[in-house]
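Asks: Before we start, here is the structure in question, set down as structure tokens.
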Amino acid sequence: MLFLQILALNSVAQSPLDSLLAHIDQSIENHEVYLKKKETRLQDLRNQLKQARPISVEEYNINLELYKEYKPYVCDSAIHYLNKNIEIAKVLHNLHKQYQSTLLLSYLMGSAGMYKEAVDILLKVDRKRLPQHLLRDYYITYDHVYGELAFYTQDRNSANIYRKISDQYKDSLNIILPAYDEQRLAMQETVFRDAKNFAEARKINDIRLAKTKSGTPEYALITFYRSLSYKHEHNVEKEKYYLALSALSDIRSSTKDHASLWMLAQILFEEGEIERAYNYIRFSWNETVFYNARLRSLQSAVILSLIDKTFQAMIEKQNSKLQNYLLLISVLVLLLIVALLYISTQMKKLAVARENTQLINHQLKQLNHRLEKTNTDLSESNLIKEEYIGRFIKLCSTYIEKLDIFRRMVNKRIANNEISELLRVTRSPETLDEEFEELYSNFDNAFLQIFPDFVEKVNELLHEEDKIVLKKGDLLNSELRILALIRLGIKDSSQIAEFLRYSVNTIYNYRAKIKNRAVLREDFESLIMMIR
């Protein structure tokens, strides 16, 4: 099977479950490819419908095919084509087709949570007039509708009544169905599972899986039921594995009416995989809304709300940490600059003091006093630096190490009387430039850890001919860093200019130019803030 081949190719690097989850991630990202295939099939059928003779068996059959395509895709459309077929059958006085579509409609409404409508429609079927070959569908529909009512009703007495009705029709089905009929196998699997005989339930499930092709709604349903047996046994890994197989088939068959993905998301959420759970439940919710069935919306709404709130809280916490780190780094850089200026000033004072000792011998005592004071100041400076290093060593160990190296070099130059060389080194801007480059590199890496697709998503907001192309080896350029700071909530141009060492006018010019390249100029920065 396709899924087993996929797992075999990835087994060296990943576990089967990890591989499945990776393929779900990829399928969600490419879900529009499967959607286009589905829409192409539907459009072909709609084109056939336009050419069919109105109120005819041909139109009925095409409507039936459209219903089958829409049944797992859009609930309202599936109902629409069944209602059309009921009307066609009435006009044609074809009781067989009228009852066929009526039973299908009742079954579908029972699945979608429209229980009263499903029962009302069922009551319109006259058992005495029912064609014999529809008896199987008649029993299946009654079993399904009342089984759903028994499962979802909150009233225990009503549930018992509905379950008894469902069981009666199960008994009737067991009498008329062949031994290896799919419906009979499904019923037997459910009976074994409810009786906690999970080994026998899975044996029947194996038979059903062998008859089904992966990537189809049927395969998704059978693997979903298999996951339930592992759920009852509290085997979470196996439950996740078969939910993942089911979800992957749902996505690739464009099945919108599903439960596997949001149930998988709930387990992942409970295990702490918040981001993946959030992606799955958001996708599942969008699929549910598209399908437009009330029951599915109610089932996934609670877990959606919980995961969504947790994910948003996690993002806000990460953003807060990033802002704190940026602030601490900025303060550290500022302190480094102040320290360099202070040391430079002290070196100049020391040089003047040494010159004065050679020229004015009678001021030796006063000069020694000044040197002693200078040494005291330097000692105090060292104490400040030690306290500063102790406070920031955990956050910026690299900067502290560089500062310590610079301090030792200064002392060595002073001891060797290499004052001119020391002045040359301290006046050079190269070291500061390198530190800023490292700061920007750290900023780029940290930012792209949080927003890995930032560059691609910015380019999506720009005209095709104005997209940003980075040089080889660059993570972000000046334009992207400005947009990154805006994304982090730093919108003030003067603050951005201070961080990037540009003038405020330069920042204004950058922002204006990139806005002019945007598809939606007025909303550009708002759209930047929405990048996730």
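The values are calculated or read from the model by the stated rules, or taken from the named source; none is laboratory data. All of these numbers come straight from a predicted model, not from anything done at the bench. So basically every Cβ, Gly included, is an ideal-geometry build from the backbone, and we count neighbours across all protein chains shown.
Asks: Of everything in region 69-105, what is hydroxyl-bearing (Ser, Thr, Tyr) and modelled with pLDDT under 95? Give them in sequence order.
Replies: TYR70, TYR73, SER77
Asks: Next question. Quick one: in region 442-457, which of the residues that are assigned to a helix (DSSP H, G or I) and among the charged types (D, E, K, R) is modelled with the lowest pLDDT?
Replies: Residue satisfying both the conditions and the ranking: ASP444.
Asks: Another question, then. At pLDDT 85 or above, in contact with a His (Cβ under 9 Å, 6 or more places away or on another chain), surrounded by 13 or more Cβ atoms within 10 Å (Cβ to Cβ) and not charged (D, E, K, R) - does that describe any residue in region 509-518?
Replies: Checking region 509-518: at least one residue is at pLDDT 85 or above, in contact with a His (Cβ under 9 Å, 6 or more places away or on another chain), surrounded by 13 or more Cβ atoms within 10 Å (Cβ to Cβ) and not charged (D, E, K, R).
Asks: May I pose another question? List the residue pairs whose Cβ atoms are under 8 Å apart, where the first residue sits in region 184-201 and is farther than 19 Å from GLY147 by Cα, the second is surrounded by fewer than 17 Cβ atoms within 10 Å (Cβ to Cβ) and among the charged types (D, E, K, R), and the two are 6 or more positions apart or on different chains.
Replies: Pairs that qualify, where the first residue is farther than 19 Å from GLY147 by Cα and the partner is surrounded by fewer than 17 Cβ atoms within 10 Å (Cβ to Cβ) and among the charged types (D, E, K, R), are PHE198/GLU233.
Asks: Mind listing whichever residues of region 475-486 are in contact (Cβ under 8 Å) with a residue 24 or more places away in the chain and closer than 13 Å to LEU448 by Cα?
Replies: LEU475, LEU476, LEU480, ARG481, LEU483, ALA484
Asks: Restrict the check to region 329-347 and report whether at least one residue is modelled with pLDDT under 70, out of contact with any Gly (no Cβ under 8 Å at 6 or more places or on another chain) and either in a helix (DSSP H, G or I) or among the acidic types (Asp, Glu) (or both).
Replies: no
Asks: Among what's in region 407-423 and is at negative phi and in a loop (DSSP other than H, G, I, E, B), pick the residue that is surrounded by the most Cβ atoms within 10 Å (Cβ to Cβ).
Replies: GLU418
Asks: Please enumerate the residues belonging to region 205-230 that are among the basic types (Lys, Arg) and assigned to a helix (DSSP H, G or I).
Replies: The answer is ARG208, ARG226.
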